[in-house]
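The next block holds one structure in the form of structure tokens; read it before the comments.
The values are calculated or read from the model by the stated rules, or taken from the named source; none is laboratory data. No experiment lies behind these values; they were computed from the predicted model shown. Note: ideal-geometry Cβ built from the backbone for every residue, glycine included; neighbour counts use all protein chains shown. We work out accessible area using only protein heavy atoms, side chains counted, and drop any ligands, DNA or RNA first. Shrake-Rupley method; radii C 1.70, N 1.55, O 1.52, S 1.80 Å.
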Amino acid sequence: MTDLYPVNPAFAKQALVDQAGYEAAYRESIEQPEAFWAKAAQRLEWFKQPTQIKDVSYALEDFRIKWFADGELNASVNCLDRQLAERGDKVALLFEPDSPDTPSYGVTYRELHERVCKLGNALRNLGVKKGDRVTIYLPMIPDAAVAMLACARIGAVHSVVFGGFAANSIADRVSDCGSKLIITADEGLRGGKKVPLKHNVDAALKLPGTNTVETVLVVRHTGGAVDMQAPRDRWFHDVVDGQPAECEPERMNAEDPLFILYTSGSTGKPKGVLHTTAGYLLWAAYTHEVVFDLKEDDIYWCTADVGWVTGHSYIVYGPLANGATALVFEGVPNYPDVSRFWQVVDKHKVSIFYTAPTAIRALMREGDGPVKQTSRASLRVLGTVGEPINPEAWRWYYEVVGDSRCPIVDTWWQTETGGHLITPLPGATALKPGSATVPFFGVQPALVDANGAELEGAAEGNLVIKDSWPGQMRTVYGDHQRFIDTYFRTYPGSYFTGDGCRRDEDGYYWITGRVDDVINVSGHRIGTAEVESALVSHPKVAEAAVVGFPHDIKGQGIYAYVTLVAGEEQSEALLKELVAHVRKEIGPIASPDHLQWAPGLPKTRSGKIMRRILRKIAENAPDQLGDTSTLADPSVVDSLVSERKVK
Ligand code: WTA
């Protein structure tokens, strides 16, 4: 029997949505989607109200996803201008720097509006027009939100690249979408260490395919020395500070693109997930308010980076569209020590706290002491995102961090979904540790078996979503066919999530993890194919196969099998060199945790690598290899098993 944590009646009483409210709204959202979403759309401010609400077909021959198709609006107006009358002096972004010794400060809605307008004007002067792509490669500083919103203001499509990605990854993303301009900073700071952002951009722009970039705007953040190459590179403050403080917002159609965000899939290079304006913004705002039970005076903190979708939806667009105060944290959980999170909570009286299971597991390992030395009395809602949370970590989060007082919302969603799809509502849903619980309004999850047959009742299978929701991605940038093939061809009529899932007897959903070749490392998606191609790009590597394996802190770790070019010697030094090579090619987040030399890889007679077997060897479960009779050379497996060693 699993534990059940019933809704606290006192919490339910003050909550935006209680159990009866959830049930009624969910029913209406499914039975009368047009009416439901027409009403929900009223939470946005429109230049032109939509009269067409939903126009969706998942049929492969007649495929379309459109929401609010004749509406017109601007996302930055919704996040800024709309707040000025009542919340002009309210802090929109509360900045907490990497070091606790550097002063924190707040940026009010009025100030944020002004900064966004100035940058919007500067971008227009630099020739950026509606529909142009702008790459943003910034640390976790308020300018990151300013940059995103300035793009939104003038109708440019932003593509934020996580600051932990290396030059090659930046170049791939710049060239795929043909960015005209990059906004970066001299350096970032993380845990006292400097991240050479401008230097990485310089290296990226030397790589092929990046010559669409005309201008690089550089925010002076640490003051570290950087090369400025005229006329391409311009200091942000030189170009922006003197601009007028008003900037006419572009009238955007509901279905005009808002941003592209690259994410890993099972094959090939990362794909540019494209979100459009109205549906995405509505989804981010609506879920942010209801899932976190947001109130006017909340201090809300999401510890994600704006380089990931969580930062887009739940640091920038959702909170600002709701007029919330969102904390922007530049640092890391263990700097200067492992109680930093809780010190920041106390310092700013954070009431809603949203983080990843990997951070919880890492902090749990440090014991209760660093938590208990802080008060955390301001907290009222806790959240998790990015990967399944093990019940043990859930309970620690609940009992130690939240003093058994705060509901935990375990929010399941994806870059593709724009925002939460399966999640508790804190005043409505009884919680079960480890379960993302029940669907949000308008979301119809289903489980299917390998043949696509829908499973009823308590069951385990692949998770699909029937029908559309407004926050859904609309295409893979530049490759609409890949969008359709990836998500809608496997189980015709449904969106395939790539996740496995169990549904229990109460109808609660338990995500079991990816069923494709995507690894979830510390809540970050990494495609095995990307790591393999980085390894194979090393001149001494003939072949590589990469799989995920269970990792205590990261959830999953990266396990690489490497076959060297004939004549090359295996050595500790080469092993280190290959790990460093992957970091250089993709970025530190893709560093293999284990690397095993493989004289040969298990392949079928047709040459297909049998990853199932490699996964079992990586898990150190050689007794579960299953059927190996289809292998071209079964002896390969024996040698891998006997040589499996932990680095
Ligand atoms: C996983 C992050 C279990 C899942 C928002 C999904 C989760 C992938 C949860 C998307 C959760 C995310 N419980 N698994 N609460 N949230 N995932 O695109 O495998 O970076 O498919 O979006 O993370 O990762 P992405």
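Remarks
- The set of residues in the range 365-394 being more than 16 Å from the ligand (Cβ to nearest atom) and open to solvent by 40 Å² or more (accessible area, probe 1.4 Å) consists of R365, E366, D368, G369, K372, Q373, S375, A377, R380.
- D516 being charged (D, E, K, R) and in the same structural domain as V636 (by the TED database): no
- The conditions of being within 16 Å of the ligand (Cβ to nearest atom), within 25 Å of F165 (Cα to Cα) and either touching a residue at least 40 places away in the same chain (Cβ under 8 Å) or outside any strand (DSSP E or B) (or both) are met by I526.
- Strands (runs of 3 or more DSSP E) completely within the range 177-222 that count 3 or more residues being farther than 21 Å from L149 by Cβ: 193-195
- Flag if S537 is surrounded by fewer than 18 Cβ atoms within 10 Å (Cβ to Cβ), in contact (Cβ under 8 Å) with a residue 40 or more places away in the chain and among the small types (G, A, S): yes
- Taken together, the criteria place G418 among residues that are closer than 18 Å to V291 by Cβ and modelled with pLDDT of 95 or more.
- Residue list for the range 529-556, filter: small (G, A, S) and either more than 18 Å from the chain's Cα centre (by Cα) or more than 16 Å from the ligand (Cβ to nearest atom) (or both): A529, S533, A534, S537, A542, A544, A545, G548
- For the range 456-476, a residue qualifies if it is closer than 24 Å to F68 by Cα, in a strand (DSSP E or B) and open to solvent by 10 Å² or more (accessible area, probe 1.4 Å), and the qualifying residues are K466, T475.
- Enumeration of residues in the range 573-629 that are in contact (Cβ under 8 Å) with a residue 60 or more places away in the chain, of a type in the set (D, E, K, R) and open to solvent by 60 Å² or more (accessible area, probe 1.4 Å): R583, K584, R615, E619
- In this structure, T490 does satisfy being farther than 21 Å from S435 by Cβ and either among the β-branched types (V, I, T) or surrounded by 22 or more Cβ atoms within 10 Å (Cβ to Cβ) (or both).
- Where a residue in the range 115-128 is open to solvent by less than 10 Å² (accessible area, probe 1.4 Å) and its partner, wherever it lies, is in a loop (DSSP other than H, G, I, E, B), with Cβ under 7 Å and at least six apart: C117/A245; C117/E246; C117/C247; G120/C247; A122/Q243; L123/A156; V128/A156; V128/K180
- In the range 636-647, residue least open to solvent (accessible area, probe 1.4 Å) [restricted to those that are among the charged types (D, E, K, R) and part of a loop (DSSP other than H, G, I, E, B)]: R644
- Count of residues meeting criterion [among the basic types (K, R) and more than 26 Å from D3 (Cα to Cα)] in the range 509-534: 1
- When the range 236-265 is limited to residues that are open to solvent by less than 20 Å² (accessible area, probe 1.4 Å) and small (G, A, S), the one that is farthest from G478 (Cα to Cα) turns out to be A254.
- With respect to the stated conditions, D633 fails to be more than 36 Å from the chain's Cα centre (by Cα) and either open to solvent by 80 Å² or more (accessible area, probe 1.4 Å) or within 16 Å of F549 (Cβ to Cβ) (or both).
- Residues considered: D479, D506, D449. Of these, the only one that is within 23 Å of V7 (Cβ to Cβ) and open to solvent by 30 Å² or more (accessible area, probe 1.4 Å) is D506.
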